[in-house]
Amino acid sequence: MTTLETHDPASRPGTALHQVRVDGIHAGYGTDTILNGIDLTVPAGAVTAIVGPNGCGKSTLLKTIARVLNPTAGSVLLDGEPVHRLPTRQVAKRLGLLPQSNVVPEQLTVRDLVERGRYPHRGILSAWTDTDHDAVAEALEVTGTASLAGRYVDELSGGQRQRAWIAMVLAQQTPVLLLDEPTTYLDLAHRLEVLRLLRRLNRDRDATVVMVLHDLNEACRYADHIITMRDGAVHACGRPREVVTPELMADVFGVACLTVDDPVTGTPIVVPLEE
Amino acid sequence: MSTTTATQPVARRSTRPLARLVAPLLLAGLVVALGIFGLVNGTRQIPVIDALAATVGLADGGTSFIVQQLRLPRVVVAIAAGACLGASGMLMQGLLRNPLASPDIIGVTGGASLTAVLAIGAGLPPLALPFAAAFGAASAAGVLYVFSRWTGASSVRLILVGIGVHAVTNAAVTLVVARIDPGRLGAAEVWLSGSLHARNTTHVTVVLVGAALALPLAYALLRSLATLELGDEIATGAGVPVRRTRTLLVVTSALLAGVAVAVAGPLGFVALGAPHIARRLVGPTSPATLTTSMLTGALLVLAADALGQRLLDDAALPAGVITAALGAPYLLWLLHRTGRP
């Protein structure tokens, strides 16, 4: 059985890591303000999970970082530059996003889908290059979807489909990946498959991964860093062991819990108490 | 989203690379053949060689006149208008992520119809008609454009505004037709039925200039459209300037539809059906699909016109009547096909 040592990319010299910093952002929809002044630094080269109760602003935060949503105040800095003011194509070469709900056109094959991920790297009329070809082949390979390349996306199972979407985002070849609940609607085997894939991308390629997750135990097990949110603000952040405690569960979720050690990885497992 | 793996249907794989090559070539061949058929046949049959020679003025005066002044404009207008409608519908359906969207539904055709019947009612010469219709289409597109700048053009809102524009223009057309000088009623009704009768070089110039302006834009927008179809959020993440792309797509699609309606009247179903058929033949948004959609549109209009001239012994039916009549059985077939699991 493999043991999970904490990933420390800083120990590997020479890799260019990209910094994402959130600087005092306020954001929301229309007149509804959801985020009330968030400051945080995403640890470069690590897997970060954003957790919190429904409606706490997790997805809003991810969307604002990914410039799907404009903040009403504050800024998101990618290597020191504000993402909302940079040319969007330039940002897309460094920052990839897998949103929660996407549309699958009829008769779209997995290969078609993954090829669309090359968008930021191609001009309006430029031909398909070897680099594009290799990037798509690699994305298919890494996600285990190469054998599905000719299949229609709308006929795949949930797990296969999610891997195809991840492959599309990987074809974009960004050092930073943002994913909004990548495991929702998947069964246990498929959830593990997706989480292990993301961790592998992080370990093998130093990808900085930020994901919104619902399941705290999964977050503890697969993330190096956890950010908990409550009422549109960051409540705590740090390593799972430091952050996920009975006190935090009471504070953030209002649930009385114990934590025990995961017998496999030693990370915390949350066990709710009966009233 | 389904997460079942056990009861999966037999996996279908696309046989697309071959189709992408064969379908456009086959359709282009059919368009050329039907175009030549249109040059050859009429009240007076002209041998194929003579008809082709006449297009470049290498036949006797009478034959050259018939081909160059009467038949060639009609064939060229049919092909170009059909192609513009095919392209317009494909952009619109992709932009709105709705396979039932088309310029007829979001009011562009209605705008063109309104100004055209107004021009007829005011007694303007036939020469002014394509320009009047183009103005109407552009105005309707303008309303959609302003709206899309204003709200970011979410699909549902754009469809709602378009349906509103469509309803208002339709009501206005009915009003104009009801109050029109009885002597001009015939001309208005012929135009509204989508007729290719008596097309001339003005029509040819209008449609070719319009197509030359709008079609390159359509091709240039394809790559962004293909990504935009996957959802606004994922398109933003992939670096598509979503607002700008949507606005350009609305304008280009409206321009293409406007040009077609200006020279051929409101030809129903073509903008809706051609992209459907193209996607079935060669798959989702790609340059091959756009080309196929344009060729399918051209073929539909050419065939409808040829059929309309021959279906009844005593009268010619306008092409628009035939294309609109095709819509119902096609939609029923679609319903039947999608009704099954």
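Residues whose amide H falls under 5 Å from that of A:ILE34, counting only those 5 or more places apart or on a different chain, are A:ALA27, A:GLY28, A:TYR29, with hydrogens built in the peptide plane. Exposed loop sites, defined as chymotrypsin sites (Phe, Trp or Tyr not before Pro) outside DSSP H, G, I, E and B with at most 16 other Cβ atoms within 10 Å, are absent from the longest region of chain A, namely A:1-127.
Phi angles of the range B:280-296 translate, via the Karplus equation with coefficients 6.51, -1.76, 1.60 and θ = phi - 60°, into HN-Hα couplings of 5, 7, 10, x, x, 2, 6, x, 4, 5, 4, 4, 5, 5, 5, 5, 5 Hz per residue; Gly and Pro are given as x. Packing around the peptides A:55-62, B:168-175, taken as the average count of other Cβ atoms within 10 Å per residue, puts them in this order, highest first: A:55-62, B:168-175. Whole Å is fine, so just give me how far the alpha carbon centre of the range B:83-148 lies from that of the range B:270-330. About 18 Å separates the Cα centre of the range B:83-148 from the one of the range B:270-330. Each helix, a run of at least 4 DSSP H residues, gives -39500 (n - 2.57); summed and divided by the residues of chain B, these come to -25000 deg cm²/dmol at 222 nm.
Against the main long axis of the alpha-carbon atoms of chain B, helix B:242-264 sits at an angle near 20°. Since only A:ALA135, B:ALA274, B:ALA260 are under comparison, the one whose Cα sits farthest along the positive direction of the charge dipole of the protein assembly as shown, derived from C-beta charges on Lys, Arg, Asp and Glu, is B:ALA260. Please list, by residue number, everything in the range A:158-193 whose backbone N is under 18 Å from a paramagnetic label point 7 Å out along Cα→Cβ of A:GLU81. It comes to A:173-177, nothing else.
Under the definition of partner shielding as Cβ atoms of other protein chains within 10 Å of a residue Cβ, what is the mean value for peptide B:236-247?
Numbers: counts 10, 21, 16, 16, 6, 3, 2, 0, 1, 0, 0, 0.
Per residue, the number of nearby Cβ atoms from other chains is 6 on average.
For chain A, a Gaussian network of Cα nodes joined below 10 Å ranks A:LEU186, A:LEU177, A:LEU125 by mean-square fluctuation, and the top entry is A:LEU125. Rounded to the nearest 20 debye, the dipole size of chain B about its Cα centre is 980 debye, using +1 on the Cβ of Lys and Arg and -1 on the Cβ of Asp and Glu. For chain A, the solvent-accessible area with a 1.4 angstrom probe is 43 square angstrom per residue. Normalised by the number of residues in chain B, the mean separation of alpha-carbon contacts (under 8 Å, six or more apart) gives a relative contact order of 28 percent. All other residues whose Cβ lies under 13 angstrom from that of B:SER253 are scored, Lys and Arg at +1 and Asp and Glu at -1, for a net of 0. Its Cα gyration tensor gives the protein assembly as shown an equivalent ellipsoid, and the semi-axes of that ellipsoid, as √(5λ) in whole Å with the largest first, are 56, 25, 20. Relative to the longest principal axis of the Cα atoms of chain B, the long axis of helix B:182-192 lies at roughly 50 degrees. Amide hydrogen proximity for A:THR109: with H placed 1.01 Å from N in the peptide plane, the residues at 5 or more positions away or on another chain lying under 5 Å are A:VAL153. Rounded to 0.05, the FRET efficiency of the A:ALA137 and A:LYS93 pair, given R0 = 25 Å and the Cβ-Cβ distance, is 0.85. For B:ALA271, what charge total do you get from the other residues with a beta carbon under 14 Å from its beta carbon, if Lys and Arg give +1 and Asp and Glu give -1? For residues surrounding B:ALA271, the net value is 0. Scaled to the globular estimate 2.2 N^0.38 Å, the Cα spread of the range A:158-250, given as radius of gyration, is 1.12.
Computed over every Cα-Cα pair of chain B and binned at 20 Å starting from 0, the pair-distance distribution P(r) comes out as 30, 56, 13, 1 percent. Taking amide hydrogens as placed 1.01 Å from N in the peptide plane, the amide H of A:GLY96 sits under 5 Å from those of A:VAL176, A:LEU177, A:LEU178, each at least 5 positions away in sequence or on another chain. Count Lys and Arg as plus one, Asp and Glu as minus one, and take only other residues whose Cβ is under 14 Å from that of B:ASP50; the net charge is then +1. Entry note, chain A: relative contact order of 24 percent, from Cα contacts under 8 Å with a spacing of 6+ residues. Using 0.36 nm per residue and subtracting the Cα-Cα separation, the extra length available between A:ALA73 and A:VAL264 on full extension is 64.4 nm. Report summary: the helix-based calculation at 222 nm, which adds -39500 (n - 2.57) for every DSSP H run with n ≥ 4 and divides by the residues of chain A, gives -8000 deg cm²/dmol.
For chain B, what % of the accessible area comes from carbon and sulfur atoms, probe 1.4 Å? It is 71 percent, rounded to a whole number.
Average partner chain C-beta neighbours within 10 Å, per residue of A:106-118?
On the way: counts 7, 9, 7, 6, 0, 2, 7, 3, 0, 3, 12, 5, 3.
Average neighbour count from other chains, rounded to a whole number: 5.
Quick check on the range B:247-337: what are the equivalent-ellipsoid semi-axes from the Cα gyration tensor, as sqrt(5λ), descending, whole Å? Walk me through the intermediate numbers first.
Values: eigenvalues 115, 61, 26 Å².
Here the semi-axes work out to 24, 18, 11 Å.
The interface between chain B and chain A buries about 3500 Å² of solvent-accessible area in total (1.4 Å probe, ligands and nucleic acids excluded).
Among A:ALA73, A:ALA46, A:ALA137, the largest mean-square fluctuation in a Gaussian network model of chain A, built with springs joining Cα atoms closer than 10 Å, belongs to A:ALA73. Restricting the calculation to alpha carbons of the range B:86-163 gives Rg and Dmax of 13.7, 41 angstrom.
On the basis of the beta-carbon distance and an R0 of 30 Å, B:ALA198 and B:ALA171 show a calculated FRET efficiency of 0.55. Per-residue Karplus couplings for the range B:118-125, computed as 6.51 cos²θ - 1.76 cosθ + 1.60 with θ equal to phi - 60°, are listed in order as 4, 5, 5, x, 7, x, 5, x Hz, Gly and Pro entered as x.
The mean number of partner chain beta-carbon atoms within 10 angstrom of a residue's beta-carbon across peptide A:97-104 is 6. Counting only alpha carbon atoms, the long axis of helix B:319-339 and the longest principal axis of chain B meet at about 20°.
Centre-to-centre, using Cα atoms only, the range B:182-199 and the range A:209-263 are separated by 72 Å. 3J(HN,Hα) couplings calculated from phi for the range A:126-139 with the Karplus curve 6.51 cos²θ - 1.76 cosθ + 1.60 (θ = phi - 60°) are, in sequence order, 5, 6, 6, 9, 4, 4, 4, 4, 5, 4, 5, 4, 5, 4 Hz; Gly and Pro show x. Each semi-axis of the equivalent ellipsoid for chain A is √(5λ) with λ an eigenvalue of the Cα gyration tensor; in descending order they amount to 30, 23, 18 Å.
The values are calculated or read from the model by the stated rules, or taken from the named source; none is laboratory data. Computed from a predicted model, the values in this text were never measured in an experiment. When we count neighbours, we look across all protein chains shown, and the Cβ atoms used for this are built from the backbone with ideal geometry, even at glycine. Calculation scope for accessible area: heavy atoms of the full protein, side chains included, ligands and nucleic acids excluded. Shrake-Rupley method; radii C 1.70, N 1.55, O 1.52, S 1.80 Å.
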